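The values are calculated or read from the model by the stated rules, or taken from the named source; none is laboratory data. On a predicted model such as this, the values are computed, not experimentally measured, just so you know. Neighbour counts run over all protein chains shown; Cβ positions are idealised from the backbone, glycine included. Remember, those area values only see protein heavy atoms, side chains included, never the ligands or the DNA or RNA. Shrake-Rupley method; radii C 1.70, N 1.55, O 1.52, S 1.80 Å.
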Amino acid sequence: MKKMIFALVAMVMMTMSANAQSNDNNGRQTFDRLARYLELTVNQMEPAKAAMAQFAQSMGAYYQIQDASKAGEAWEKIEARHKQTMKKVLSEKQYDKYVNILDLTVTNTAERMMD
């Protein structure tokens, strides 16, 4: 469980922190691909970027947690808050696609780390 959480945190931090930096071309490309996949409207772009930046910031604080039992609980709160924010920004169809890709990425990252 701890490896899976760490894998998720590592993956999300790399992706989301890159998206939060406007000068990072790779981060913009990642966000642009996600925006195309989710078919974001112009009005959804900025709120989605802000939600992802907030998620990255929360994950940064998560890295500071030393107690494994607190880390699991903290991750659940961070994930739930992020999903709740994204649910407000996205349509139902977009949200379902986002959750699927997030969950798939977590699973794949965890599997790679266990190998």
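Listed here are the residues, each with its yes/no results for (1) out of contact with any Pro (no Cβ under 9 Å at 6 or more places or on another chain); (2) surrounded by 12 or more Cβ atoms within 10 Å (Cβ to Cβ); (3) under 19 Å from R33 (Cα atoms); (4) of a type in the set (S, T, Y).
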| position | (1), (2), (3), (4) |
| --- | --- |
| A53 | yes, yes, yes, no |
| T85 | no, yes, no, yes |
| S91 | yes, yes, yes, yes |
| T105 | yes, yes, yes, yes |
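Tallying residues that are open to solvent by less than 90 Å² (accessible area, probe 1.4 Å), at pLDDT 90 or above and not in a helix (DSSP H, G or I) within region 13-51 yields 2. Of the residues making up region 29-54, those that are polar (S, T, N, Q) and more than 15 Å from K88 (Cα to Cα) are Q29, T30. Got at least one residue in region 68-91 being in contact (Cβ under 8 Å) with a residue 40 or more places away in the chain, β-branched (V, I, T) and touching a helix residue (DSSP H, G or I) at 6+ places or on another chain (Cβ under 9 Å)? Yes, region 68-91 contains at least one residue that is in contact (Cβ under 8 Å) with a residue 40 or more places away in the chain, β-branched (V, I, T) and touching a helix residue (DSSP H, G or I) at 6+ places or on another chain (Cβ under 9 Å).
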